[in-house]
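S.K.: The structure that follows is given in the form of structure tokens.
The values are calculated or read from the model by the stated rules, or taken from the named source; none is laboratory data. On a predicted model such as this, the values are computed, not experimentally measured, just so you know. Quick reminder, even Gly has a Cβ in these numbers, built from the backbone with ideal geometry, and neighbours come from all protein chains shown. Ligands, DNA and RNA are excluded from the accessible area calculation, which covers all protein heavy atoms including side chains. Shrake-Rupley method; radii C 1.70, N 1.55, O 1.52, S 1.80 Å.
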Amino acid sequence: MNAETTTIRILAADDHALLRQGIASLIDIEPDMELVAEAATGREAIEQFRRHQPDITLMDLQMPDMSGMEAIIAIRGEFPNARIIVFTTYLGDVQVMRALKAGARGYLLKGNVHTDLLQTIREVHAGRKRIPPEVAAERAMHTTEDQLTERELEILKLVAQGNANKEIAAQLSIREDTVKSHVGNILEKLDANDRTHAVTIGLKRGIIEL
């Protein structure tokens, strides 16, 4: 077949059936695309990829059983040439970096499916990377910032779970003063006004997940 008649075979992995139906309806009317498989979990996505070896995989990051990120790593481990588009509600720049590092070649916000899905599929199938402008801008804004250390990430997660400094100190077997010092560093690095603001930023940017 020549380039004009090649059909792009697609796997859609998302735990929301309605969203998969929406994707199917958009793809069905395209003469050069075919939805060959669907998956509702990360493990299913790996199984369906092995079975169908699609040209393009749409992968949700937040799925039960196994996350989309883990599924990307597993698929790329077996099939290094897999072309995967991350499919998410999150604009978080850290999520973008993790997904791209794991081998994703595109990043699609769920709110933009109707406007961007088909173009993103075609661009990634053609060998190009595709990152929405708003995601690229968010990423550029934070590239020069200090990264949180492993300990700071640990503390931010515990703060997000509602723990006070004293409780965090007890859980991590460190002094309360040390926790306060780490929290101060976290606020400075994230340019946050207070603990709640730091948690909000951390969740929005994909630095932590609840």
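S.K.: Once a ≥ b ≥ c are taken as the square roots of the eigenvalues of the Cα gyration tensor of the range 20-131, is the result rounded (a/c under 1.5), prolate (a/b larger than b/c) or oblate (a/b not larger than b/c)?
M.R.: Since a/c stays below 1.5, the shape of the range 20-131 is classed as rounded.
S.K.: Quick one: putting +1 on the C-beta of Lys and Arg, -1 on the C-beta of Asp and Glu, what dipole do you get for the range 34-129 around its Cα centre, in Debye to the nearest 20?
M.R.: 340 debye
S.K.: Starting from the Cα of LYS129, step 7 Å along the direction of its Cβ; do the same at LEU172; then give the gap between the two resulting points in nm.
M.R.: 3.2 nm
S.K.: Would you mind computing, in nm to one decimal, how far apart the modelled labels at ASP28 and GLU150 are, each placed 7 Å from Cα along Cα→Cβ?
M.R.: So the two model labels end up 5.0 nm from each other.
S.K.: Let me ask another. How large, in percent, is the carbon and sulfur part of the accessible surface of the chain at a probe radius of 1.4 Å?
M.R.: Of the solvent-accessible surface of the chain, carbon and sulfur hold 49 percent.
S.K.: A further question on this structure: Compute the acute angle (0 to 90°) between the alpha-carbon long axis of helix 150-160 and the principal axis of greatest extent of the alpha-carbon atoms of the chain; round to the nearest 10°.
M.R.: The angle comes out near 90 degrees.
S.K.: So what's the angle, to the nearest 10 degrees on a 0 to 90 scale, between helix 133-142 and the longest Cα principal axis of the chain?
M.R.: Tilt of helix 133-142: around 30 degrees.
S.K.: Now for a separate question. Compute the length gained on full extension between LEU210 and GLN161: take 0.36 nm times their separation in residues and subtract their Cα-Cα distance, giving the result in nm to one decimal.
M.R.: 16.9 nm is the gain from fully extending LEU210 to GLN161.
S.K.: Given the options ALA160, ALA170, ALA17, which has the most mean-square fluctuation in a GNM of the chain, springs set between C-alpha atoms less than 10 angstrom apart?
M.R.: Highest fluctuation of the listed residues: ALA170.
S.K.: Once both axes come from the Cα atoms, what is the angle between helix 113-125 and the longest principal axis of the chain, in degrees from 0 to 90, rounded to 10?
M.R.: Result, in degrees: 70.
S.K.: Next question. May I ask for the percentage of alpha-carbon pairs in the chain that lie more than 25 Å from each other?
M.R.: It works out to 45 percent of all Cα pairs.
S.K.: Suppose all protein chains stay in the model; what accessible area per residue would a 1.4 Å probe give for the range 1-128, in Å²?
M.R.: With all protein chains present, the range 1-128 gives 47 Å² per residue.
S.K.: Under a plain spin-label model, where a point goes 7 Å from the Cα along Cα-to-Cβ, how far apart in nm are ASP65 and THR89?
M.R.: 2.1 nm
S.K.: May I pose another question? Hey, can you grab everything whose amide H is under 5 Å from the amide H of LEU58? Only 5+ residues off in sequence or another chain; H modelled, so Pro and N-termini drop out.
M.R.: Close amide H contacts, sequence-distant or interchain: LEU11, ALA12, ALA13, ILE85.
S.K.: With 25 Å as the limit, write out which pairs from LYS180/LYS204; LYS129/LYS157; LYS166/LYS189; LYS110/LYS204; LYS157/LYS180 have Cα-Cα distances beyond it, or answer none.
M.R.: Distance filter (> 25 Å) returns LYS129/LYS157.
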